[in-house]
Amino acid sequence: MTLQSDIENLQTKTLADLAATTDLQKLEALRLETVGKKGALTEILKGMRELSDDDKKTVGALANAFRDAFASQFEAKKSELELESINAQLGKETLDVTLPGRRQKQGTRHVLTQTLEELEAIFLGMGYEIVEGDEVETDYYNFERVNLPKNHPARDMQDSFYITEETLLRTHTSGMQARVMEKHDFSQGDLRMISPGRVYRRDTDDATHSHQFHQLEGMVIGEHVTMGDLKGTLELVIRQMFGADREIRLRPSYFPFTEPSVEVDVSCFKCGGAGCNVCKHTGWIEILGAGMTHPNVIEMSGLDPNIYQGFAFGIGQERIAMLKYGITDIRGFYQGDVRFLEEFGN
Ligand code: PHE
């Protein structure tokens, strides 16, 4: 029977070819031309139609046996060649374990957060409590309770974003003065607090202005608090922030909620007072606003201004960070540019 011997011949030939194959591509080609749809076996089996039923069985069994034999030898050869190719590749590649590792990028605390944490640590060391306020504030606390009644001209400097007639995004953290004063239990001692947070102004953004920025409010109220305490406190804070040899200077200013009011300058930490581009050749850098709390503000919080007095100050967090780290554009704080964040990371 010729079909039978055809299969046997095919088997002898292809199994010998298979054993001799040394390359994966040729192995696959051999599979296709032998047992593939259009391969040699299919071609031989086309002759089955002319066979008797008995012969069909015999040939069919023989074909299946060949397929199985081919398949198992094919898989074995394939694994062998794959292993060889991996080993060959591994032999070529070298791994230098002495190369320096690739540094994992790490996040850092934002420079404003760092600045705030430094300030907070200084005030905590002096026994201040930290109080957080809301960014949405009432007109009453933001303005009226800090001696800025409706139609007060000084309101013009602090236009804001209004939610209703009586609710706004706070223009400063000073609203916290009244909120903390009216809650404080003075039988437990003086009030000493700082309140950091975001504030909003109607402003055109440029290198030194932002419609949204951060302040740190501070307030001390008690029975024997003087302007000397204010100056001593600020001197201490500024020396810790900017260096032990800094001097401060108080200039008269105006805020409706303090009387007298002062603008506080620090001697230039770059030139030491001789004059340079940082201090605009004056030797001094303006750093914050402060003053002795106005009797009206004390009285509105339910205290007798003849007994209680104290001081308040407002620090611009961005301003401190800009001076301390030499940052020239306020917008850098808010843009999230990784290069900026990395440069001023810790
Ligand atoms: N609230 C003032 C401002 O935003 C700063 C300030 C606070 C001044 C406390 C004096 C006392 O400009």
Checklist entry - Where does the chain land at 222 nm, in deg cm²/dmol rounded to the nearest 500, when only DSSP H runs of n ≥ 4 count, each adding -39500 (n - 2.57), divided by all residues? => result -13000 deg cm²/dmol
Next on the checklist: For the chain, place one equal point scatterer on every Cα, skip the solvent, and apply the Debye formula. What is log10 of I(q)/I(0) at q = 0.07, 0.09, 0.10 Å⁻¹?
Outcome noted: -0.49, -0.60, -0.70
Checklist entry - Label GLU80 and HIS209 with points 7 Å out from Cα along Cα→Cβ: what is the distance between them in nm? => result 8.4
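Seen from all sides and averaged, what is the projected area of the convex hull of the Cα atoms in segment 31-162, in nm²?
Details: hull surface 103.0 nm².
For the Cα atoms of segment 31-162, the hull's average projected area reads 25.8 nm².
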Item to check | Spacing of the two label points (7 Å from each Cα toward its C-beta) at VAL97 and LEU24, in nm | outcome: 2.8
Checklist outcome for this item: Projected onto their principal axes, the Cα atoms of segment 27-103 stretch, largest extent first, over whole-Å spans of 75, 21, 19
Next on the checklist: Sorting check: for 96-103, 163-170, 288-295, which peptide has the highest mean count of neighbouring beta carbons within 10 Å, and how do the rest follow?
Outcome noted: 288-295, 163-170, 96-103
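Multiply the residue separation of ALA88 and THR108 by 0.36 nm, subtract the distance between their alpha-carbon atoms, and state the gained length in nm to one decimal. Can you show the working numbers first?
Details: separation 20, 0.36 × 20 = 7.20 nm, distance 4.48 nm.
2.7 nm is the gain from fully extending ALA88 to THR108.
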Next on the checklist: Run the simple label-point estimate for THR164 and ALA274 please: 7 Å along Cα→C-beta, distance reported in nm.
Outcome noted: 6.0
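Over the chain, give the accessible area per residue in Å² for a 1.4 Å probe, as an integer.
On the way: 19610 Å² over 346 residues.
Dividing the accessible area of the chain by its residue count gives 57 Å².
In whole percent, and with a 1.4 Å probe on the protein chains, what portion of the accessible area of the chain is carbon and sulfur? Provide the component values of the computation, followed by the final result.
Values: 9950 of 19610 Å².
That share works out to 51 percent.
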Next on the checklist: Just to be sure I understand the curve: with the Debye formula and one point per C-alpha of segment 161-310, what is log10 I(q)/I(0) at q = 0.12, 0.15, 0.16, 0.20 Å⁻¹?
Outcome noted: -0.61, -0.92, -1.02, -1.33
Next on the checklist: For segment 295-343, compute the orientation-averaged projected area of the C-alpha convex hull (one quarter of its surface), in nm².
Outcome noted: 5.5
Checklist entry - For the chain, modelled as a GNM with alpha-carbon contacts under 10 angstrom, which of VAL237, VAL136, VAL59 fluctuates the most? => result VAL59
Next on the checklist: Starting from the Kirkwood Rh over alpha-carbon pairs, what translational D in µm² s⁻¹ does segment 248-346 have by Stokes-Einstein at 20 °C and 1.002 mPa s?
Outcome noted: 136
Checklist entry - At each listed q (0.13, 0.21, 0.24, 0.28 Å⁻¹), what is the log10 of I(q)/I(0) that the Debye formula gives for segment 1-66 modelled as equal alpha-carbon point scatterers? => result -0.37, -0.84, -1.01, -1.25
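Counting only C-alpha contacts under 8 Å and six or more residues apart, can you give the relative contact order of the chain as a whole percent? Please list the in-between numbers first.
Details: 498 pairs, mean separation 50.6, N = 346.
It comes to 15 percent, rounded to a whole number.
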Checklist entry - Per residue, what volume in Å³ does the Cα convex hull of segment 133-209 take up? => result 107
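Rounded, prolate or oblate: which one fits segment 168-255, using the alpha carbon gyration tensor with axes a ≥ b ≥ c (rounded when a/c is under 1.5, else prolate when a/b beats b/c, else oblate)? Walk me through the numbers on the way to the answer.
Details: a/c = 2.24, a/b = 1.19, b/c = 1.89.
Taking the square roots of the gyration eigenvalues as a ≥ b ≥ c, segment 168-255 is oblate.
The values are calculated or read from the model by the stated rules, or taken from the named source; none is laboratory data. Everything numeric in this text was worked out from a predicted model, so none of it was measured. Don't worry about glycine lacking a Cβ; one is built from the backbone with ideal geometry, like all the others, and counts go over all protein chains shown. In case anyone asks, the SASA skips ligands and DNA or RNA and just uses the protein heavy atoms, side chains included. Shrake-Rupley method; radii C 1.70, N 1.55, O 1.52, S 1.80 Å.
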